[in-house]
Structure formats: C-alpha cells, structure tokens
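The values are calculated or read from the model by the stated rules, or taken from the named source; none is laboratory data. On a predicted model such as this, the values are computed, not experimentally measured, just so you know. Cβ coordinates were reconstructed from backbone atoms using ideal geometry, including for glycine residues, and neighbour counts include every protein chain displayed.
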Amino acid sequence: MASDESQDEFSIHWIRDIVDEVLERDPDQYLIVTGKSMSGSVHTGFMKEIVIADAIKRELQSLGKDAKSVFISDDFDPIRSFPPSLTLSPEEYMGVPYSDAPDPHGCCESLGTHWTNELVETFPEFGVDPEVVFQSKLYETKEMMDAVRICLNHTETIREILIEYVARDFDDKQKAEYIESMKTWYPVSVICPKCGRIQSGGKGSIVPNRVTSYNAESDEVSYECAHCGQSETAKLDKIRVKLSWRVDWPAKWYVMKTTCEPAGKDHAVKGGSYDTGLEMSRRVFGWEGPVKVPFEWVRWGGRDMGTSKGLVFTPRAWLNIAPGELYRYMVLRTDPAKANNIQTDLIPDLVDIYEAFERTYYGFDEVDSEKQELAKVLYPLTEVRPVSEDYIPKLSFKFAVVTSQLQDILSEDTIIQRCYDVMKKQHKLSEISPEAKSLIPTRLSRALHWAKEYGSERDKVEVSETVPKEIRDTLTDNDRAFLERFVEVLKGDSLDDEELQGKVFETARDVGLKDKRAFVVLYRILISRKSGPRLGGFLNLLGNDWVLKRIQSVL
Ligand SMILES: [Zn+2]
Ligand SMILES: [Zn+2]
C-alpha cells in the first residue's frame with residue numbers, strides 16, 4: 001500500500017466515470033456482479049473486485065437507482081489440483097466439480113461450499129453484502145439450460161469467435177491445427193453420471209467430456225467420458241452439463257442480466273476472455289453484455305498472490321490485523337489500473353493515515369480544499385458501516401500495539417481503563433461514547449495479532465515475570481543510585497507522560513548517569529531489552545505500583 005501513498009493528487013473520479021458509463025445502460029435493476037473460481041482458500045486480492053463492485057453499487061444507490069451486487073461462486077469448475085494442506089486424494093477427485101467433492105473439514109456440503117463460506121463470512125467486516133449465487137445451482141435452473149441451448153444452436157458462431165480471438169497470436173501451423181480441432185468442438189461438457197467427472201487427466205493433459213453432437217429437434221446430446229469411457233445419447237434435461245469456461249462467462253452475464261462486472265487484468269486484457277465474452281454476448285446472445293471494469297491485482301509484500309502458488313493471505317488474515325475500512329481505502333483511492341501492494345509491516349502507519357483522512361472528512365484538521373473534496377467523496381465509500389453523523393474517536397493503533405501485549409501483567413479492566421485515559425487525552429474528551437468504547441476490544445485484538453505476526457523486534461513487548469538474573473547482575477552502583485532516586489519520583493505526585501519522560505533525564509543527570517544509559521537500564525528491567533515504546537507513556541501505561549515493585553525487586 002505504501003506505493004500508493006504518493007498518489008495524493010490522484011482523484012477518485014474514476015468511480016464516477018464508471019458509474020456514468022453504467023448509467024447509460026438504464027436497466028430496471030442495476031446488477032454489479034463478481035465471481036471467483038473455488039480452487040482453494042481465496043486470497044485478499046480478490047476483495048478488490050468485491051470492493052469495487054460494492055462502491056459502484058453504493059454510488060448508483062446514492063443516485064436513487066435500484067442497484068444490487070452479486071457474488072457468483074464458480075464451484076462447478078472441475079478440480080485440477082488441491083492445495084497441499086488438503087487431505088483428499090487428488091487422484092480420486094481430479095476432474096470432479098468442486099461442488100461434488102466432499103468437505104474434508106466436515107462443516108459444509110461440499111469442498112466448493114467450504115471455500116465459498118470461508119470467504120463470504122468475512123463480507124460484513126468489509127462492508128459488502130452481495131447476494132451469493134452458486135454456479136452449480138445456477139446450472140440447475142431453466143434459464144441457464146436455455147442459455148446452454150442457445151450456445152449449442154450457435155456452436156458455429158462460437159467456433160468462429162474462438163478462432164478469431166484465441167488463435168490470433170498463433171503461428172500458421174498452430175492456427176491450422178486449432179481450426180482443425182474446432183471442426184468437431186462443442187461448447188458444452190457433460191458431468192459423467194458414472195464416474196462424476198467433467199474431464200479427465202491433470203495439468204497439461206486435460207481432456208474434457210465434450211459433447212460430440214447435438215440434435216436440436218430432439219434436444220439430445222451425445223458424449224463420451226474421457227475418463228471411464230461411458231458414452232450415450234441423452235436428452236439435455238436428463239444429464240448435467242457445463243459450458244466451457246470462455247462460454248460459461250457470457251452465458252452467466254446473459255442469464256443474470258449483468259450490468260457491470262469488474263475483472264482482474266488476466267481476464268480483462270485486450271482480446272482476453274472478457275472481450276471474447278462480449279463478442280459472444282453480441283453475436284450469440286443478442287445483447288451488448290456488461291460494462292467491463294478492468295483492474296490491476298493486489299500484491300502482498302511485492303509478490304503476486306495465488307491460490308495455486310500457495311501464496312495466500314486471506315481476507316480473514318487481513319481482518320485479524322487491520323480494519324476492513326483500511327482495505328477499502330487502499331483499493332478505492334488508487335487508480336484501478338495500478339497495482340496495490342499490501343505491506344503488512346506498515347499496518348500501524350497505514351491505520352494512522354486512514355484515521356487522519358477520517359478526521360479530514362469530519363473537518364478536524366486544516367487541509368487544502370482538494371483533500372477535503374477527496375475525503376467528502378471517498379470516505380463514505382470506505383466505511384464498513386453507515387457513516388456516523390458524529391465523529392467516533394478511535395484508539396491509536398500504535399498505542400494498542402503496546403497495550404495489547406501487556407495482558408499478562410495488567411488486568412483486562414486496567415487495560416481498557418488505560419485506553420479510555422489515552423483517548424480522552426488524545427481527542428480532548430471528558431467522556432468516551434459507547435460507540436467509541438465498543439470499537440476498542442477489536443482494535444486491541446488486531447493490534448496484538450499484528451504485533452505477534454508482523455511486528456518487528458522493536459514492536460514486540462514481552463514482559464518476563466521477574467527481572468532476569470543476568471540483567472540484575474549487570475547493574476552498576478551508579479545504575480542503582482539512579483534507580484533509587486527514580487523510585488522516589490514514582491512515589492511522588494502522579495505525572496503525565498511528558499513530565500515522566502523529563503524526570504528520567506533529570507534523575508540521570510542528578511546522579512551523573514548518561515541519559516542513554518538511564519533509558520537502557522529502565523527498558524532492561526521492564527522488558528529485558530535496550531529500547532522500547534516511548535518511556536514516559538509506557539511507564540504510565542504499566543502504572544506506578546507495578547513499576548515500583550519491578551524496580552525495587554532489583555535493588
Ligand atoms: Zn466446511
Ligand atoms: Zn466417466
């Protein structure tokens with residue numbers, strides 16, 4: 001995400017531009033559709049598509065339009081490989097639709113449903129609520145079967161389109177072979193009633209159970225299973241079929257009446273599957289198809305994520321360490337043609353940036369009019385919940401990182417009380433509203449997860465039960481003199497963070513100890529390290545009683 005921070009001058013009007021284009025379609029109901037193949041745990045990058053669709057939907061709704069978003073889980077796709085962690089036998093299920101394989105986790109009706117649910121249950125926390133449609137169920141509808149018939153009746157046109165698009169970059173020999181193979185090609189495959197497969201073979205050697213002929217009059221198809229050899233001629237409504245993937249997409253657009261669908265660069269590239277689908281929409285289904293919204297991927301630590309590559313940072317993993325609002329902000333403030341990069345190590349800084357942006361929206365900070373305008377347009381689109389009329393103060397994420405790690409030495413009540421104190425001070429409040437209070441536990445839990453999983457050594461605060469012997473043994477007489485005096489400071493009036501910080505310097509000077517050494521001594525006694533969170537605040541966070549006992553234990 002850091003790479004996007006330089007785009008301050010970038011305007012959010014790209015959403016408005018898309019919405020203008022979508023408005024020209026003028027349907028009774030605007031349908032913004034997204035979709036994902038269910039070949040494993042879905043990674044956070046996919047949420048970019050969902051968030052863009054949601055923003056378009058919100059904009060349309062704010063214009064008084066009837067708009068809805070839909071997520072299609074492509075669970076009817078055949079299994080081609082399994083993530084390494086899965087206990088199912090790949091040989092047994094290769095070529096079977098994900099919707100037909102059992103869920104080895106034991107909780108869902110199929111493997112496809114499992115990964116769908118894993119994704120869908122995170123939607124509310126990202127502020128999205130698309131209707132969830134399973135591709136496997138869609139193929140059980142009369143509308144989808146009618147679309148299959150349209151494709152079978154337009155097989156020749158589909159062949160022409162595929163030759164035109166798929167073979168455009170082939171050399172003459174490849175092209176001739178492709179044209180030859182297309183002569184007997186049909187856009188439909190059959191799920192074998194005997195072995196349950198829709199194709200045989202694995203990577204590089206896939207043979208689909210393709211229909212070999214279609215009789216429009218009797219509505220019968222012939223096929224032969226490439227895996228078990230089962231063959232028959234059967235009525236279309238007596239068997240289970242699926243369109244091949246470049247055809248499946250425009251068929252779904254047609255059946256759903258999709259107004260707009262965002263797509264990652266792999267599909268949206270010029271002449272790619274999206275364009276092929278639009279061509280089929282026009283020439284096979286007789287309409288113009290959806291508005292195409294191409295976007296660049298989200299990378300993670302500078303690398304492309306991929307379910308098959310095992311490089312998966314899931315939406316749940318994001319929510320464990322950061323707010324959904326920050327993800328929406330990251331996606332929506334960036335030109336969709338540019339990649340986003342999730343830098344997990346920078347989450348505390350990014351939360352700060354987002355929350356400064358939030359304060360701009362509420363008019364707290366003096367910023368130029370362009371920034372104000374950006375906040376006015378963008379902030380409501382980044383919010384996960386309806387925008388509150390009044391600003392809800394947030395606990396500083398960086399404070400939460402430190403505080404959340406003190407749960408072994410401070411009681412839950414004390415931690416919460418410290419959070420209230422710090423918020424009152426930071427936001428100049430006399431009281432914390434119930435809304436603000438309700439956000440604190442989640443913030444603490446995210447900060448704790450972040451510190452443990454992605455924090456640097458400096459961010460980690462571990463307090464041992466007692467001060468280790470090797471630390472006690474290295475204290476010099478001068479160190480002890482400093483500590484004895486500092487004990488007197490702590491026994492006196494309570495001081496605020498800055499005053500306490502100042503007292504460390506002052507006390508060190510009084511006994512002729514170098515400032516730097518005084519800080520090292522205190523950090524080592526507190527957290528067995530040479531440095532740590534800003535000391536004045538940290539001491540107050542720990543509380544005088546605890547700090548006093550700790551220091552006295554080494555004297
Ligand atoms: Zn499950
Ligand atoms: Zn078979």
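Being assigned to a helix (DSSP H, G or I), charged (D, E, K, R) and more than 29 Å from the chain's Cα centre (by Cα) is the filter here, so list the residues in the stretch 385-419 that pass it.
Those that are assigned to a helix (DSSP H, G or I), charged (D, E, K, R) and more than 29 Å from the chain's Cα centre (by Cα): E412, D413, R418.
Could you list, in sequence order, all residues of the stretch 56-66 that are touching a Lys or Arg at 6+ places or on another chain (Cβ under 8 Å) and either in contact (Cβ under 8 Å) with a residue 40 or more places away in the chain or on the phi > 0 side of the Ramachandran plot (or both)?
Correct list: E59 only.
Could you list, in sequence order, the residues of the stretch 84-127 that are more than 14 Å from ligand 1 (Cβ to nearest atom), more than 30 Å from A55 (Cα to Cα) and surrounded by 13 or more Cβ atoms within 10 Å (Cβ to Cβ)?
Y93, M94, G95, V96, P97, D100
Which residue pairs have Cβ atoms under 8 Å apart, sit 6 or more places apart or on different chains, and have a first residue in the stretch 18-38 that is closer than 30 Å to T314 by Cβ and modelled with pLDDT under 95 and a second that is in a loop (DSSP other than H, G, I, E, B) and not aliphatic (A, V, I, L, M)?
Listed pairs, sorted by first residue: S37/D77; M38/D75; M38/D77.
Residues that are small (G, A, S) and exposed (fewer than 15 other Cβ atoms within 10 Å of the Cβ): does the stretch 472-495 have at least one?
So far as the stretch 472-495 goes, yes, one or more of its residues are small (G, A, S) and exposed (fewer than 15 other Cβ atoms within 10 Å of the Cβ).
Restricting to the stretch 516-547, and then to whatever is among the hydrophobic types (A, V, I, L, M, F, W, C) and in contact with a Lys or Arg (Cβ under 7 Å, 6 or more places away or on another chain), can you tell me which residue is farthest from I415 (Cα to Cα)?
V520
Please give the helices (runs of 4 or more DSSP H) falling wholly within the stretch 452-545 in which 2 or more residues are without any contact (Cβ under 8 Å) to a residue 40 or more places away in the chain and of a type in the set (D, E, K, R).
The qualifying helices (runs of 4 or more DSSP H) are 469-473, 477-491, 497-510, 515-527.
Do we find that T141 is away from ligand 2 (no atom under 16 Å from the Cβ) and within 28 Å of G324 (Cα to Cα) in this structure?
no
Could you tell me whether any residue of the stretch 23-31 is surrounded by fewer than 21 Cβ atoms within 10 Å (Cβ to Cβ) and either part of a helix (DSSP H, G or I) or in contact with a Gly (Cβ under 6 Å, 6 or more places away or on another chain) (or both)?
Yes: the stretch 23-31 contains one or more residues that are surrounded by fewer than 21 Cβ atoms within 10 Å (Cβ to Cβ) and either part of a helix (DSSP H, G or I) or in contact with a Gly (Cβ under 6 Å, 6 or more places away or on another chain) (or both).
What are the pairs, 6+ residues apart or on separate chains, where a residue within the stretch 212-234 that is under 17 Å from R149 (Cβ atoms) has its Cβ under 7 Å from a residue that is within 10 Å of ligand 2 (Cβ to nearest atom) and assigned to a loop (DSSP other than H, G, I, E, B)?
Listed pairs, sorted by first residue: Y223/N209.
From K242, K292, which residue is among the basic types (K, R), within 30 Å of I342 (Cα to Cα) and surrounded by 16 or more Cβ atoms within 10 Å (Cβ to Cβ)?
None of the others qualify; the one that does is K292.
Whether any residue in the stretch 81-99 is in contact with a Gly (Cβ under 6 Å, 6 or more places away or on another chain), closer than 24 Å to G196 by Cβ and polar (S, T, N, Q) is what I want to check.
Yes, the conditions are met somewhere in the stretch 81-99.
With respect to A518, is the statement that it is surrounded by 17 or more Cβ atoms within 10 Å (Cβ to Cβ), of a type outside the set (V, I, T) and under 28 Å from K394 (Cβ atoms) true?
Against the criterion (surrounded by 17 or more Cβ atoms within 10 Å (Cβ to Cβ), of a type outside the set (V, I, T) and under 28 Å from K394 (Cβ atoms)), A518 does not qualify.
Please pick out the residue among I163, I150 that is touching a residue at least 60 places away in the same chain (Cβ under 8 Å), more than 30 Å from P323 (Cβ to Cβ) and not small (G, A, S).
The match here is I150.
Restrict the check to the stretch 53-76 and report whether at least one residue is more than 25 Å from W300 (Cβ to Cβ), exposed (fewer than 14 other Cβ atoms within 10 Å of the Cβ) and within 16 Å of ligand 1 (Cβ to nearest atom).
Checking the stretch 53-76: not a single residue is more than 25 Å from W300 (Cβ to Cβ), exposed (fewer than 14 other Cβ atoms within 10 Å of the Cβ) and within 16 Å of ligand 1 (Cβ to nearest atom).
Restricted to the stretch 347-384, and to residues that are modelled with pLDDT of 95 or more, not β-branched (V, I, T) and not in a helix (DSSP H, G or I), which residue is farthest from the chain's Cα centre (by Cα)?
Residue satisfying both the conditions and the ranking: Y362.
What are the pairs with Cβ atoms under 6 angstrom where one residue, in the stretch 103-118, is at positive phi and within 16 Å of ligand 2 (Cβ to nearest atom) and the other, located anywhere, is among the hydrophobic types (A, V, I, L, M, F, W, C) and modelled with pLDDT of 95 or more? Sequence gap at least six, or different chains.
Listed pairs, sorted by first residue: none to list.
Collect the residues in the stretch 166-182 that are in contact (Cβ under 8 Å) with a residue 12 or more places away in the chain and under 25 Å from Q230 (Cα atoms), keeping them in residue-number order.
Selection gives M182 alone.
Exactly one of (1) more than 19 Å from K452 (Cβ to Cβ); (2) under 12 Å from the mean Cα position of the chain (by Cα); (3) among the basic types (K, R) is unmet by R333. Its number?
(2)
Return the total of residues in the stretch 432-467 being exposed (fewer than 14 other Cβ atoms within 10 Å of the Cβ), more than 25 Å from the chain's Cα centre (by Cα) and within 27 Å of R550 (Cβ to Cβ).
Selection size over the stretch 432-467: 6.
I'm trying to understand the selection: among the residues of the stretch 361-389, which are among the β-branched types (V, I, T) and out of contact with any Leu (no Cβ under 8 Å at 6 or more places or on another chain)?
Selection gives V367, V377, V384, V387.
Restricting to the stretch 546-555, and then to whatever is of a type outside the set (D, E, K, R) and part of a helix (DSSP H, G or I), can you tell me which residue is farthest from M423 (Cα to Cα)?
Checking each candidate, the answer is Q552.
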